[in-house]
1. Name every cysteine in chain B that ends up alone, with no second cysteine's Cβ under 4.7 Å, or say none.
2. Please check which bits of the range A:230-272 a label hung off A:Glu337 would reach, taking the label as a point 7 Å along Cα-to-C-beta and the cut-off as backbone N under 17 Å.
3. Give me the percent of the accessible area of the range B:160-298 that comes from carbon and sulfur atoms, probe 1.4 Å, all protein chains in place.
4. Using a/c under 1.5 as the rounded threshold, could you call the range B:82-128 rounded, prolate or oblate? The axes a ≥ b ≥ c are square roots of the C-alpha gyration tensor eigenvalues, and prolate needs a/b larger than b/c, oblate otherwise.
5. When each copy gets a label point 7 Å from Cα toward the beta-carbon at B:Gln78, what are the spacings between them in nm, shortest first?
6. Sorted by mean Cβ packing within 10 Å, highest first, what order do the peptides B:190-196, B:108-114, A:155-161, A:204-210 take?
7. Per residue of A:93-100, how many C-beta atoms from partner chains lie within 10 Å of its own C-beta, taken as a mean?
8. Could you give, in nm with one decimal, how far A:Arg147 is from each other copy of that position, shortest first, with labels 7 Å out from Cα toward Cβ?
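The values are calculated or read from the model by the stated rules, or taken from the named source; none is laboratory data. Since the structure is predicted, the reported quantities are computational estimates derived from the model, not experimental observations. Positions of Cβ are backbone-derived with ideal geometry, glycine not excepted, and every protein chain shown enters the neighbour counts. Just so you know, the surface numbers come from the protein's heavy atoms only, side chains and all, with ligands and any DNA or RNA stripped out. Shrake-Rupley method; radii C 1.70, N 1.55, O 1.52, S 1.80 Å.
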2 protein chains.
Amino acid sequence: MTTKKLGKQTFALASPPSIAGHANAVGKKEGEGPLAASFDLIQEDTTFGENSWEKAESTMQKLALSSALDKASLAASQLDFIFAGDLLNQCVGSSYHVRDLGVPFFGVYGACSTMAESLSLAALMLDGGYGEWGAAVTSSHFCSAERQYRTPLEYGGQRTPTAQWTVTGAGAVVLAREGQGPYVTHVTVGKVVDKGIKDANNMGAAMAPAAYDTISAHFQDTHRTPSFYDLIVTGDLGTLGKEIVTDFFHRDGIDLAGRYNDCGTMIYDIEGQDVHCGGSGCGCCASVLTGYLLNGMRAGRWKNLLFCATGALLSPTSIQQGESIPSICHAVAISTEK
Amino acid sequence: MTTKKLGKQTFALASPPSIAGHANAVGKKEGEGPLAASFDLIQEDTTFGENSWEKAESTMQKLALSSALDKASLAASQLDFIFAGDLLNQCVGSSYHVRDLGVPFFGVYGACSTMAESLSLAALMLDGGYGEWGAAVTSSHFCSAERQYRTPLEYGGQRTPTAQWTVTGAGAVVLAREGQGPYVTHVTVGKVVDKGIKDANNMGAAMAPAAYDTISAHFQDTHRTPSFYDLIVTGDLGTLGKEIVTDFFHRDGIDLAGRYNDCGTMIYDIEGQDVHCGGSGCGCCASVLTGYLLNGMRAGRWKNLLFCATGALLSPTSIQQGESIPSICHAVAISTEK
């Protein structure tokens, strides 16, 4: 049996790779949120023992991957390849982390969609027979993101109501060509969608149309309906973006109620932790996937998950130049059965 | 026949994809260099009609891809996927360009190795049967790179003797699962190598060990010797980095003389154009590959080419924090015969 291309964007994998290991490392605030019990490592000191926030981010990636490899009983040297990326300029969170590993490396940039992009590519590579073991890794850090995208922390800038809080966290997934479930069964590759939103403090509204576009394509391509999935999660749309996606599907006569959630609204206590519209950053859905979601699948809570990570492909420079925010969403179907 | 993994890093493609179209767009200085005749579009006005250097870079990508698609007699909408990336923070050269295309998109970040990384992934995807048509695109712009990595042009900063000149150029390759040669026959995926060089004005020395590492792995994995190739080209090591690679192989008893060159030394008249150690940037090897090299292969000048794009995975922030420069090189074997 060979992998089928369904429609324009979706692949139904003939040999769904096994998720052999998954782990995360997060910061103090994430460890005070509702998903605390699902994290592998909660670090009170968000420097992670380093002397810069950027180095802290690399260290988080290292800790998450190392823990995921342990769970898969694998040495890093056995990996055939790593796909990794992050939000930092030139993706230095990833490149400085992987330089110690000696593993073939593909750097990716998908902003906060990176976990789904790297997971998609790693799964397709294993499905295609290009190796036995692969890893997908990403991270974000509140402090490095604030100073790079907004203002230095010392400035004490006000946050607008639609702002989100960048998650300090890293997630890693180790995939195996053969093994036990959960499995990556389908990949729907996103297109860049830009509906003209120019407010960099309203990422949820900018990314929601991309999420709607990819999830709709997934349903069309696979002839599945939302009811096939026990849970559909978007990456980091936050409360506003989640409402927009729900509303878009409602207009199509599709009710997502009860089976749709967003990692940005799940990772924090939205009211209690003063995060405005919720969490964001590559590490948001990466740490929710590698903790709460995959742990829940292993515990039998869900059989079929559609993981849809969303990314806003702007830069501070493009926003200063008056540009709108191009966004993307990649969707990965994960199932406990092949 | 299935694709073979050779050694740790190399894939011998069972169904080598065809290079159906290739094109580039470059700036004034590149059009004054020795490879001028091989460029599809030379723009005297390096703004490319835009009001920012970043937008000019997106436009260059658009022009290069559009021309490559024309040569392949293909509409953009027929592409199954695009792999693209660039040097700009958050790779905005690529994401703003692809938003108009409506094609499934994978963003990659490999610094100046991006042409080889995107070409490798696109080739592996087609070889694996995940589509019929794919594209690999990248760019760099002297003016956007100078202000992002070094100083604004208006500052008039002095350049050190080991500095290189960022190429203003974009290159695009359109690959087809079936078709005429040249073909992508092998891919050797790079590992991140860091030998401790901390001088961001000496990228050639920082990247040379990565080039040596990947090219050596390619020879070991394939059991080929340099004599198999009519030409081995590295991406943008410049004169110093090229000397280092030549010297490293010389120490192994391997003489590359007469069949090794570097795109950074080829694209400019090194002395006459005052570029110190030569050209650099994602657009350097991308425009040399999609012009001089692939045109030469089509004209029968070379049968077997090993294209080895090198990338320095630093950021200005990582250098300010005292870090050394992690580097990578991906190698792609291109042949006129399968």
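1. By the Cβ distance rule, which asks for a partner under 4.7 Å, the isolated cysteines are B:Cys91, B:Cys112, B:Cys143, B:Cys277, B:Cys282, B:Cys284, B:Cys308, B:Cys329.
2. A:230-231
3. Numbers: 2180 of 4610 Å².
Percent of accessible area from carbon and sulfur atoms in the range B:160-298: 47.
4. Details: a/c = 3.19, a/b = 1.21, b/c = 2.63.
Here the range B:82-128 falls in the oblate category.
5. Nearest to farthest, the other copies are at 4.5 nm.
6. Numbers: B:190-196: 20.6, B:108-114: 32.3, A:155-161: 10.1, A:204-210: 28.0.
Answer by packing, highest mean first, reads B:108-114, A:204-210, B:190-196, A:155-161.
7. Numbers: counts 2, 4, 15, 10, 2, 5, 10, 3.
The mean count of partner-chain Cβ atoms within 10 Å per residue comes to 6.
8. 2.3
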